[in-house]
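Just below is one structure, and these are the notes that go with it.
The values are calculated or read from the model by the stated rules, or taken from the named source; none is laboratory data. None of the values given here were measured: they were computed from a predicted structure. Every residue, glycine as well, gets a Cβ built from its backbone with ideal geometry; the counts of neighbours run over all protein chains shown.
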Amino acid sequence: MGTTSLSYRDLVKKLYDLSALSVPPMVGEKSGSFSSYDRSSKYSEETNLYENWGANDDGSGYIRKEGDSIVALELDGPGVIWRVWSAHPGDGHIRIFIDEENTSVLDKPFKDYFDSFGDELLNFPSLNPTLSRGRNSYIPIPFQKSCKIVLDKDWGNYYHFTYTQFPKEVRVPSFNGEFDKEAAIALAEADRILYLRGRASVNRYENENQQRVKVTVPPGEKAVIFNKHISGAITMIRANIDIETMGEVDKKRILRELVISMEWDGEQSPSVWAPLGDFFGSAPGVNTYSSLPLGMHESSFYSNWYMPFSEGANIEIANDGTVSQTVNFEINYIDLPKSKTKNLLRFHAKWHRDDFQYLNKGRFTEGGDRWPDWPLLLVKGKGRYCGVHLHVYNTWEEPEQSADTWWYGRWDRKTIDWWWGEGDEKFFIDGEKFPSTFGTGSEDYIGYAWAAEPPFPMFDSAFACQPFIEIDANGHTSVNRFHVCDNIPFNESFEGFIEKYKDNRWENNNVCIYATTVYWYQSAGTSDIYEPVSVNERVGYSDF
């Protein structure tokens, strides 16, 4: 393998280049996260069991102490830090050391990292979004030999640093604390592209073709909306369904009864299968939001995922309801030579609820060593994990006691322990016994913070959104998190989990049900293990 050089502009492009997700991972390419997770969670090689796996003191973790400071990240290069997140950055400094130098290239209060990264970067809101108190920065920090991040005393509460390590043959420009004109312009362009997400002019490709089709699907039937025996890639799908005059309950039901499926290269089992609304990243019903890969605009939904194929593509919509439904589709695609597409990964997306597949479920129930892990995605082979939509139906009986503050009280003065989202994300790559990504809470993984306390806002951004939550959080919550620059490559396997502390039925008559749509890429000619789910299982809870 020869030397590959990536300029800073090349790295910035990875923030929004969805076509790059279909490129197979290089040998030695690895992504993960350093976080402040509770270090009492451990794996025992002696017993092959996990200890204190549900430990929840997740603001306390670090690699080691250096005086009054903590080392939060330590990596060999070449690599890049993609995302920095904190629930509450403080006045204590963040110091970044690059390529084994003793002098830091950046030394400033952690809170200022998100507000004034550099003199040129005071106004890049799409690269530095604040999401319901969660601070996020997507300014790439590359390094060739090594990177160490130190957080000084009073740095704040909770941290995540997501990263990619490249093979040794890759050359990147090590960050020196400053941005030249070209780098600043590249970041400005990226910020503009992310701001314009969801608009028709963004993420367009040269020589795109467009097919428009209107289908009416009777109950129990399906209709083909795209069938081409060519080599190319789908670049955009837009669906429009006339549901504005329907009641909310009907909207929710219909978007679970309608199913979209996609097959590449004549495969017998679809690579994409999901209820229509869930595929487009929100549930139940229509909840408007805009992210880079997916979004909903009233009755129009869009997907910008890049979907290559070599022998053809077949897309269908099925109606598992009792009334005919009419849907309009616009599908953009490009022609590509087979010599290119045959080596690209294929797009997959599957919906499921409580699907543990080959796992020993006993280990994942309370009392088991893997509790409270709940499986998001289990895949064998080579590919890239690119994100998830999570629909939570968490509802409870109103407590008899009134809270001393609004809704259900705050912190240790709650009248009911209702919060579902303490769960950490855990990603095991290529047979890892301990996950290379280990988070600090479900809301932290998405990118917001302190969601267990009101208020409960809705928000969106390029990579993380909360399209819906009840005003008092009692009922439905819809969140998504998309990994574009910080996708997780795997060469042998991916096992992704998020902790779920509440049972499907908790306390007396309370319910906490998860449903998820996961998005990933895997090698052409390989299939995943997820099967279609019956309509009764999809709409079997409450009003969805």
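Quick check on this structure: which one of 22, 40 is among the hydroxyl-bearing types (Ser, Thr, Tyr) and more than 30 Å from residue 523 (Cβ to Cβ)? Explain how you work it out, then say what you get.
Working: 22 fails: more than 30 Å from residue 523 (Cβ to Cβ).
Going through 22, 40 in turn, just one is among the hydroxyl-bearing types (Ser, Thr, Tyr) and more than 30 Å from residue 523 (Cβ to Cβ): 40.
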Across the range 512-544, what is the number of residues that are assigned to a strand (DSSP E or B) and either surrounded by fewer than 16 Cβ atoms within 10 Å (Cβ to Cβ) or at positive phi (or both)?
0
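So, in the range 185-206, how many residues would count as being of a type in the set (Lys, Arg) and modelled with pLDDT under 90? Don't jump to the end; show me each part of the working.
Step one: filter the range 185-206 for residues of a type in the set (Lys, Arg), giving 192, 197, 199, 204.
Right, trim to modelled with pLDDT under 90 and you get 199, 204.
Summing the residues that are of a type in the set (Lys, Arg) and modelled with pLDDT under 90 in the range 185-206 gives 2.
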Of the conditions (1) touching a residue at least 24 places away in the same chain (Cβ under 8 Å); (2) over 28 Å from residue 61 (Cα atoms), residue 445 clears all except one; give me its number.
(2)
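Residue by residue, here is whether (1) at pLDDT 95 or above; (2) farther than 30 Å from residue 26 by Cα holds:
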{"residue": "258", "(1), (2)": "yes, yes"}
{"residue": "262", "(1), (2)": "yes, no"}
{"residue": "269", "(1), (2)": "yes, no"}
{"residue": "276", "(1), (2)": "yes, yes"}
{"residue": "299", "(1), (2)": "no, yes"}
{"residue": "329", "(1), (2)": "yes, yes"}
{"residue": "344", "(1), (2)": "yes, no"}
Kindly indicate whether any position in the range 163-182 is at pLDDT 95 or above, closer than 30 Å to residue 288 by Cα and not in a strand (DSSP E or B).
no
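Which residue is surrounded by the most Cβ atoms within 10 Å (Cβ to Cβ), if the candidates are limited to the range 298-330 and must be among the aliphatic types (A, V, I, L, M) and in a strand (DSSP E or B)? Full working, then the answer.
The initial filter retains those residues of the range 298-330 that are among the aliphatic types (A, V, I, L, M), namely 307, 313, 315, 317-318, 323, 327.
Checking the rest, the ones that are also in a strand (DSSP E or B) come to 307, 313, 315, 317-318, 327.
Values: 307: 28, 313: 26, 315: 22, 317: 21, 318: 19, 327: 23.
Top of the filtered list is 307.
Hey, does the range 436-449 have a residue that's of a type in the set (Gly, Ala, Ser), surrounded by 16 or more Cβ atoms within 10 Å (Cβ to Cβ), part of a loop (DSSP other than H, G, I, E, B) and in contact with a Pro (Cβ under 8 Å, 6 or more places away or on another chain)? Show your work before the answer.
Taking the range 436-449 as the starting set, the residues that turn out to be of a type in the set (Gly, Ala, Ser) are 436, 439, 441-442, 447, 449.
Those still in the list that are surrounded by 16 or more Cβ atoms within 10 Å (Cβ to Cβ) too: 436, 439, 441-442, 447, 449.
Adding the requirement that they be part of a loop (DSSP other than H, G, I, E, B) leaves 436, 439, 441, 447, 449.
Next, only the ones that are in contact with a Pro (Cβ under 8 Å, 6 or more places away or on another chain) stay: 447.
Yes, because at least one residue in the range 436-449 is of a type in the set (Gly, Ala, Ser), surrounded by 16 or more Cβ atoms within 10 Å (Cβ to Cβ), part of a loop (DSSP other than H, G, I, E, B) and in contact with a Pro (Cβ under 8 Å, 6 or more places away or on another chain).
If you take the residues in the range 11-21 that are out of contact with any helix residue (DSSP H, G or I) (no Cβ under 9 Å at 6 or more places or on another chain) and not in a loop (DSSP other than H, G, I, E, B), which one is nearest to residue 486 (Cα to Cα)?
So in the range 11-21, the residues out of contact with any helix residue (DSSP H, G or I) (no Cβ under 9 Å at 6 or more places or on another chain) come out as 17-19, 21.
Still in the list and also not in a loop (DSSP other than H, G, I, E, B): 18-19, 21.
Numbers: 18: 12, 19: 14, 21: 10 Å.
Only one residue tops the list, namely 21.
State whether one or more residues within the range 116-130 are assigned to a strand (DSSP E or B), within 30 Å of residue 466 (Cβ to Cβ) and in contact with a Phe, Trp or Tyr (Cβ under 7 Å, 6 or more places away or on another chain).
No - not one qualifying residue is present in the range 116-130.
Looking only at the range 115-127, how many residues end up being under 19 Å from residue 291 (Cβ atoms) and modelled with pLDDT under 95? Can you show your working first?
Narrowing the range 115-127 to residues under 19 Å from residue 291 (Cβ atoms): 124-127.
Keeping just the survivors that are modelled with pLDDT under 95 gives 124-125.
Going through the range 115-127 one residue at a time, the tally reaches 2.
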Among the residues in the range 239-260, are any under 22 Å from residue 525 (Cα atoms), under 24 Å from the mean Cα position of the chain (by Cα) and touching a residue at least 60 places away in the same chain (Cβ under 8 Å)?
no
Give me the pairs, please: first residue somewhere in the range 357-369 and β-branched (Val, Ile, Thr), second residue anywhere and part of a loop (DSSP other than H, G, I, E, B), beta-carbon distance under 8 Å, and either six or more positions apart or on two chains.
365/371
Please work out if residue 484 is of a type in the set (A, V, I, L, M, F, W, C), in contact with a helix residue (DSSP H, G or I) (Cβ under 8 Å, 6 or more places away or on another chain) and surrounded by fewer than 21 Cβ atoms within 10 Å (Cβ to Cβ).
no
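Here's a check for you: in the range 260-283, which residue that is part of a loop (DSSP other than H, G, I, E, B) and touching a strand residue (DSSP E or B) at 6+ places or on another chain (Cβ under 6 Å) is farthest from residue 461 (Cα to Cα)?
So in the range 260-283, the residues part of a loop (DSSP other than H, G, I, E, B) come out as 265-271, 280-283.
Filter once more, so that each one left must be touching a strand residue (DSSP E or B) at 6+ places or on another chain (Cβ under 6 Å): 265, 270-271, 280-283.
Details: 265: 34, 270: 30, 271: 27, 280: 15, 281: 13, 282: 14, 283: 17 Å.
My answer is 265.
Applying the selection to the range 479-505, what residues are of a type in the set (A, V, I, L, M, F, W, C), touching a Phe, Trp or Tyr at 6+ places or on another chain (Cβ under 8 Å) and in a strand (DSSP E or B)? Let's see the steps before the verdict.
In the first step, residues of the range 479-505 are kept if they are of a type in the set (A, V, I, L, M, F, W, C); the result is 479, 482, 484-485, 488, 490, 494, 497-498.
Filter once more, keeping what is touching a Phe, Trp or Tyr at 6+ places or on another chain (Cβ under 8 Å): 482, 484-485, 488, 490, 494, 497-498.
The answer is 482, 488, 490, 494, 497, 498.
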